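The values are calculated or read from the model by the stated rules, or taken from the named source; none is laboratory data. Please read these numbers as outputs of a predicted model, since none were measured by experiment. Don't worry about glycine lacking a Cβ; one is built from the backbone with ideal geometry, like all the others, and counts go over all protein chains shown.
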Amino acid sequence: MKKFPKYYVMAILSFQIVLLILVSNPLLNAQDKKGLKVSFWNVENLFDLDNDPEKNDDEFSTGGRKNVTTEIYNLKLKNCGEVLQDLNADILGICEVENRFMLEELNRAYTDRDYSIVHYDSPDNRGIDCALLYDAKVFKLLESNPVENILPGNLPTRDIVHVKGSFHDQLLHIFVNHWPSNYGGREKAIPKRAATSNLLENVLLDILETEPDANIVLIGDFNEEPTDSNIIELIDMKNDNRYAKPFVNLMDPLVGKEKVGTYVYRGKDNLIDQIIISSGLINAGPLKIIPRSLTILDLPKYRQQKGKYAHYPFRFWAGNRLLGGYSDHLAISCTLFIDH
């Protein structure tokens, strides 16, 4: 992609400085404002017990190699419900869920709220989708659509879910992402994520062309660090064909901090689950990000406490071995508010 002129680079740096100020500003506390809590969680393979011949779900089905029973299935749902209770989100992006039925099951497992569901079946080979749960008493859905993502080589993968709604009459766009993983090798995966990043960038540019100060939140498991090239290029919007304000990654202040991450790979903490916001949520209209509201749901019960994998997220499965935890990812959240 072509690059913006130098003054756009300076603008991007300025926004990064603004973000650091926002994160450290003690004058505004989330508890003092009526906010909209936006969360994301990779639920780690939330499948039903039925074998769908069109999906690669055999191992999670009754009689599959994981030997999943009704008791194991119910334990997974119970644990997921516990996470949702701790999050208590107004809007929750989800990935690695098989179908709408399993989202309805989540609703039954977590009864404090009656979430409405946005879900589209995607052509992903693993049979997993992205979705959005939202509290209709707080957030009004206006429209939604799947952003179809066909990778190089005509390979299908999960869609990006785009939701447009309103909070106190302020428009908000949310995109739920689950970018291609490093399965099969990192070098092969990077171009796949580059294609996904380019796809998303074009959709964002279309929005910003008509709504220059649009309120946009990107949430998801990006399978890249905040410092990796595909994330950086998406945030910087290096395209001189159309005007766009840069985006800001709320995870940036956490980069390099010891024992801080949403995922652990080979003993190293990763920040591959991220929340990225448009600059309009910092310095434009009434809807704004609450400073210091970015959190990782990192309670002791969500990490393994001893053994070889101490500090790793307490996952539900380790291969075909049942651990009985929650997920191999930790959930993340931020809060928006109306600044009158």
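Could you list, in sequence order, the residues of the stretch 43-83 that are free of Cβ contacts under 8 Å to residues at least 40 places away in the same chain and either assigned to a helix (DSSP H, G or I) or buried (at least 17 other Cβ atoms within 10 Å of the Cβ) (or both)?
58, 60, 61, 68, 70, 71, 73, 74, 77, 78, 81
How do the pairs read when you match residues in the stretch 154-172 that are closer than 14 Å to residue 142 by Cβ and without any contact (Cβ under 8 Å) to a residue 40 or more places away in the chain with residues anywhere that are hydrophobic (A, V, I, L, M, F, W, C) and surrounded by fewer than 22 Cβ atoms within 10 Å (Cβ to Cβ), using Cβ under 6 Å and keeping only pairs 6 or more apart or on different chains?
Every condition considered, the pairs that remain are 164/142; 165/139; 165/141; 165/142.
Just give me the residues in the stretch 316-340 being touching a residue at least 60 places away in the same chain (Cβ under 8 Å), in a loop (DSSP other than H, G, I, E, B) and either surrounded by 19 or more Cβ atoms within 10 Å (Cβ to Cβ) or among the small types (Gly, Ala, Ser) (or both), in sequence order.
Result: 316, 324, 325, 326, 327, 328, 329, 330, 331.
Which of the residues belonging to the stretch 302-315 are loosely packed, with under 15 Cβ neighbours inside 10 Å, over 18 Å from residue 273 (Cβ atoms) and of a type outside the set (A, V, I, L, M, F, W, C)?
Just the residues of the stretch 302-315 that are loosely packed, with under 15 Cβ neighbours inside 10 Å, to begin with: 305-308, 310-311.
Now narrow it down to the ones that are over 18 Å from residue 273 (Cβ atoms): 305-308, 310.
305, 306, 307, 308, listed by residue number.
Only one of these is out of contact with any Phe, Trp or Tyr (no Cβ under 8 Å at 6 or more places or on another chain), under 22 Å from residue 328 (Cα atoms) and either modelled with pLDDT of 95 or more or not basic (Lys, Arg) (or both): 250, 281. Name it. Before you say what the answer is, go through the steps one by one.
Numbers: 281 fails: under 22 Å from residue 328 (Cα atoms).
Checking each option against the conditions leaves just 250.
Quick check, is residue 196 of a type in the set (Val, Ile, Thr), modelled with pLDDT of 95 or more and in a loop (DSSP other than H, G, I, E, B)? Before you say what the answer is, go through the steps one by one.
Working: of a type in the set (Val, Ile, Thr): yes; modelled with pLDDT of 95 or more: yes; in a loop (DSSP other than H, G, I, E, B): no.
No: the conditions fail for residue 196.
Go through 259, 188 for me and flag whichever is in contact with a His (Cβ under 8 Å, 6 or more places away or on another chain) and surrounded by fewer than 18 Cβ atoms within 10 Å (Cβ to Cβ). Give the derivation first.
On the way: 188 fails: in contact with a His (Cβ under 8 Å, 6 or more places away or on another chain).
It is 259.
Among the residues of the stretch 248-260, is any part of a helix (DSSP H, G or I) and touching a strand residue (DSSP E or B) at 6+ places or on another chain (Cβ under 9 Å)? Steps first, answer last, please.
Pass one, the stretch 248-260, residues part of a helix (DSSP H, G or I): 252-254.
If we keep only those that are touching a strand residue (DSSP E or B) at 6+ places or on another chain (Cβ under 9 Å) as well, we get 254.
Yes, some residue in the stretch 248-260 is part of a helix (DSSP H, G or I) and touching a strand residue (DSSP E or B) at 6+ places or on another chain (Cβ under 9 Å).
Check 134, 115 and return the single one that is touching a Ser or Thr at 6+ places or on another chain (Cβ under 7 Å) and aromatic (Phe, Trp, Tyr). Talk me through it step by step, then tell me what you get.
Values: 115 fails: touching a Ser or Thr at 6+ places or on another chain (Cβ under 7 Å).
Unique residue meeting the criteria: 134.
Condition check: out of contact with any Lys or Arg (no Cβ under 6 Å at 6 or more places or on another chain), surrounded by 17 or more Cβ atoms within 10 Å (Cβ to Cβ) and closer than 25 Å to residue 130 by Cα. Does residue 278 satisfy that? Before you say what the answer is, go through the steps one by one.
Details: out of contact with any Lys or Arg (no Cβ under 6 Å at 6 or more places or on another chain): yes; surrounded by 17 or more Cβ atoms within 10 Å (Cβ to Cβ): yes; closer than 25 Å to residue 130 by Cα: yes.
Answer is yes for this residue.
Filter the stretch 270-302 down to the residues that are more than 25 Å from residue 36 (Cβ to Cβ) and touching a residue at least 12 places away in the same chain (Cβ under 8 Å) and list them by number. Break it down stepwise before answering.
Here is the first cut: in the stretch 270-302, the ones more than 25 Å from residue 36 (Cβ to Cβ) are 270, 300-301.
Residues satisfying the conditions are 270, 301.
If you take the residues in the stretch 177-193 that are hydrophobic (A, V, I, L, M, F, W, C) and either in a helix (DSSP H, G or I) or over 19 Å from the mean Cα position of the chain (by Cα) (or both), which one is nearest to residue 278 (Cα to Cα)? Spell out the reasoning first.
From the stretch 177-193, those hydrophobic (A, V, I, L, M, F, W, C) are 179, 189-190; that's our starting set.
Those still in the list that are either in a helix (DSSP H, G or I) or over 19 Å from the mean Cα position of the chain (by Cα) (or both) too: 189-190.
Numbers: 189: 26, 190: 24 Å.
Top of the filtered list is 190.
Going by the conditions given, is residue 98 acidic (Asp, Glu), exposed (fewer than 14 other Cβ atoms within 10 Å of the Cβ) and at pLDDT 95 or above? I'd like the intermediate steps shown before the answer.
Details: acidic (Asp, Glu): yes; exposed (fewer than 14 other Cβ atoms within 10 Å of the Cβ): no; at pLDDT 95 or above: yes.
No; evaluated as a whole, the condition is false for this residue.
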